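Below is one structure, written out as C-alpha cells; the observations come after it.
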Amino acid sequence: MAKDKTQGITVKKEDFSEWYEQVVSKCGLVDKRLEHSRGFYGFPPWGARILREIENLFEKELVDKNHFPIRTPTAIPITLLEKEKEHATGFAPEVFVITKGHGGKELEIPKVLRPTGEAVIYPYFSYWIQTYKDLPFKIFETRPSFRAERTNAIFPLLRTAEFYWIEAHTAQVDNDNADKQVKEDMSIFKKVVEDELAIPFMLFKRPEWDKFAGADYTCAYDSPLPDGKVSQIGTTHNLGTNFSKPFDVTYVDKNNRKQFCYQTSFGMGVSKILGMLAAVHGDDNGLVLPPKVAPIQIAVIPIYYKEKDKENVLKLAKKVKTKLRQFRVEIDSREDYTPGWKFNEWEMKGVPLRIEIGPKDVEKNQVVLVRRFDRNKEFIPVDKLTSKLIERKFEEITELMFAKAEENFKRAKAKNFDDILKKINAGIHLVEIPFCNSQKCIDKLKEQTIKVRGIQLFANGESSVEESVRNSQKAAEGKKCAVCGKPAKEIVWVARQY
Ligand SMILES: [Zn+2]
C-alpha cells in the first residue's frame, strides 16, 4: 500500500511555524477542529497519554518531597481574586468572567475562571493550617487554568486560553524556609525537564517589572524554540507574606503567638512542555519522544512476505514482547499495511525504539533494533535482548537527545544595541548584556519585541538567589548599558519569547 502523502509531515522543520502546526495535529498531540474554540483544544489519546506521563514524572518528585495532592474549584468568586490588590490588577486583562447563572440570571458575585490558584487555594490554607506543627504545609494540584490571550498570540500548546499545569504551593514558618523551598522546586524541575525529558532551560530571576503579580520575587525557566525564540515553561515564586496577610494564612507558634506564614508557589507548565517536546526534539519526519513519556516505547514490526514465515516471525515477536514486558511494547501485526508504512507511522509518532523481525532474523535468532532519534541500526542476538540492555539504550537516547538540544540552544554576549539586534535576528536565543534597568531602555528593547529575561541564577555556584543578584551587580561595575551606554547596574539576558 502506498503511503498517503497527506498523512505525513509535508514541510521541513526549518519552516518552523507551519511544521509545528502540522506536527501537533498530525501526530495526535492536540485537535484544533472544534468550532469557535481557538485557544481551547482537545487532546487525542496519544497526546493526552504523553501529557499524563509528563504529569506523572512531576507528581512522583513532588510526592517524594512530601507534597500532597488537593483539588479546588475551577470557578472562583471575583471577590477572592481581588483580595491581593497587585495580584488582581496583574491578572485583570487575562481573566474570563462568568456573569450569568441559572435561568440566565445575573450572578450577584461574578465568578472568574482561575488564571492561577493562589486566590482559591489560600482561603483553604487558612482553614487547614493551625499551628507550627502543620508546617511546612506542601500541596500540589494538577489541573487546567485559563487566561484570555490575544487571538493572534494563540499557538497550540505554547500559548493557549486553556492550559494544563501542576501548581505546587507551600506555607512555611519563615522566609529562610521559603527560600529553601524555591531551591527544592528548582531541583525537581531540573530532574524532570533536563534529565528525563531532555529539554534544556536557563533559570532567571525575573526583573521587578515582570515578576508574578504579588510575589516578592519570581524565578522562571526559559527553553529554546527552533525559530530563535524562548518559551517560559515554569516559574517559582517566593510570595513572602503578601498573600498570607489578606488571606489570613496563619499559624500559632511555640509561644502561642499568631504568625503569618511565608509562602511559595511553583508552576510546571505541562501542556507547554508537551509542545516543547514536539518543538525541541521533533524532526522532518515528526515527533521524537524521550523514552520516559512515550505511550509506546518499543514498536515491534514483524516482516514476512510468505505465509509459511508468518508463524515463526510472530512467535519470535511475542517472545520479545514477553521478555521486555516491563516496557510499553506494541506488536504491529496489522495485515493491510506494509512494513515500510508501519516504519513511517511509528517514526512520525515518535516511538523511541523499533524492533524489526524477519525470517532471516528468526533463522539467526536475532532482532534488528532501530533508534528513532538517529535511525541507528543494530543486530541484537535474542539472548542478549534483556530489560537491562533496553534500559541502557533508553538512557543513551535521552542523553543524546539532550546533547543535541543543548547544542541547538544558542547563547551569546553583546556590548551595544546593534550587536543585540544582529545576534537576536540571527537566531541566537539568549543574549547576555550589561543593563541599566531604565524604563527607556526596557521600552527600546520592547519596540524590537525583545524582553529582558532577568539575572541568571546559580550560574557560578551561588547558594542563593540573593547571592546571584549580588554577583550580577558586581560583574556590571564599570560596564556600560548595552542599550544606552550609561553605567550598567546588572548583567541580564534578553530574548524574544512566545
Ligand atoms: Zn540603558
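The values are calculated or read from the model by the stated rules, or taken from the named source; none is laboratory data. Remember, predicted model here, so these are calculated numbers, not experimental data. Neighbour counts are summed over all protein chains in view; Cβ atoms, including those assigned to glycine, are modelled from backbone coordinates with ideal geometry.
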It is to be established whether one or more residues within segment 169-188 are in contact (Cβ under 8 Å) with a residue 12 or more places away in the chain and part of a loop (DSSP other than H, G, I, E, B). yes
Does residue 320 satisfy being at pLDDT 95 or above, farther than 19 Å from residue 8 by Cα, among the hydrophobic types (A, V, I, L, M, F, W, C) and not in a helix (DSSP H, G or I)? no
Unique match (being in contact with an Asp or Glu (Cβ under 9 Å, 6 or more places away or on another chain) and in the same structural domain as residue 350 (by TED's automatic domain parsing)) among 469, 382: 382
I'd like the full set of residues that are within 16 Å of residue 394 (Cα to Cα), in contact with a Phe, Trp or Tyr (Cβ under 7 Å, 6 or more places away or on another chain) and either aliphatic (A, V, I, L, M) or surrounded by fewer than 19 Cβ atoms within 10 Å (Cβ to Cβ) (or both), limited to segment 277-318. 288, 298, 299
Closer than 30 Å to residue 185 by Cα, of a type outside the set (Phe, Trp, Tyr) and touching a residue at least 60 places away in the same chain (Cβ under 8 Å): is that true of residue 353 in this structure? no
The lone condition residue 151 fails out of (1) modelled with pLDDT of 95 or more; (2) more than 23 Å from residue 56 (Cα to Cα) is (1)
Consider residue 116 carefully, then state whether it is in contact (Cβ under 8 Å) with a residue 60 or more places away in the chain, surrounded by 14 or more Cβ atoms within 10 Å (Cβ to Cβ) and in contact with a strand residue (DSSP E or B) (Cβ under 8 Å, 6 or more places away or on another chain). yes
Out of everything in segment 476-486 that is in contact (Cβ under 8 Å) with a residue 24 or more places away in the chain and more than 9 Å from the ligand (Cβ to nearest atom), what residue ends up being farthest from the chain's Cα centre (by Cα)? 479
Condition (residue is in a helix (DSSP H, G or I) and either within 23 Å of residue 200 (Cβ to Cβ) or touching a helix residue (DSSP H, G or I) at 6+ places or on another chain (Cβ under 7 Å) (or both)) applied to segment 362-374: is it met by at least one residue? yes
Can you pull out the residues in segment 407-462 that are within 16 Å of the ligand (Cβ to nearest atom) and among the β-branched types (Val, Ile, Thr)? 420, 431, 433, 442, 450, 452, 455
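The rows are residues; the columns are (1) more than 20 Å from residue 270 (Cα to Cα); (2) touching an Asp or Glu at 6+ places or on another chain (Cβ under 8 Å).
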| position | (1), (2) |
| --- | --- |
| 116 | no, yes |
| 122 | yes, no |
| 125 | yes, no |
| 129 | yes, no |
| 154 | no, no |
| 170 | no, no |
| 174 | yes, no |
| 189 | no, no |
